[in-house]
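Notes follow once the structure below has been shown.
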Amino acid sequence: MTGGNGLSLDPLSNHMEVQVYNHLATSFDLPGWLRKRGHKVVKAPVNRSHHRPAPVMFFTCVEAVKRVLGLHKAGIVTPWQLYRHLTTNPI
């Protein structure tokens, strides 16, 4: 989110939903808002240095997040594995 603009990606079972939010206050704290509602927020690095394609995998919600982050780890296939990877490999 920057300057009152935000974007959400929701990899649903039948399609990828992309929503643009251009009406948010610049002071809106999305991570804080999510934490107040009981969600765990994890900071994750974005890697754009890969020169090879990501490993071929089924396109799941986890794979969608891995693609956004540039995370090329074939062994991460569940939300728990992704969470453990992100929390045990700090930025």
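The values are calculated or read from the model by the stated rules, or taken from the named source; none is laboratory data. Since this is a predicted model, take the numbers as computed values, not measurements. We place every Cβ from the backbone using ideal geometry, glycine too, and count neighbours over all the protein chains shown.
Summary table below
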read-out: Residues of the range 17-55 classified as touching a residue at least 24 places away in the same chain (Cβ under 8 Å) and of a type in the set (D, E, K, R), total; value: 2
read-out: Positions within the range 9-22 being of a type in the set (S, T, N, Q) and either at pLDDT below 85 or farther than 19 Å from T60 by Cα (or both), in sequence order; value: S13, N14, N22
read-out: Which numbered condition W33 misses (of (1) hydrophobic (A, V, I, L, M, F, W, C); (2) under 10 Å from the mean Cα position of the chain (by Cα); (3) at pLDDT 90 or above); value: (2)
read-out: Subset of the range 1-55 [closer than 24 Å to N89 by Cα and among the β-branched types (V, I, T)]; value: V41, V42, V46
read-out: Selection count where residues are of a type in the set (D, E, K, R) and over 24 Å from S13 (Cβ atoms), scope the range 34-83; value: 5
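Conditions tested, residue by residue: (1) farther than 23 Å from E17 by Cα; (2) touching a Gly at 6+ places or on another chain (Cβ under 7 Å); (3) among the hydrophobic types (A, V, I, L, M, F, W, C); (4) at pLDDT below 95.
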site	(1), (2), (3), (4)
R37	no, no, no, no
V41	no, no, yes, yes
S49	yes, no, no, yes
F58	no, no, yes, yes
V65	no, no, yes, yes
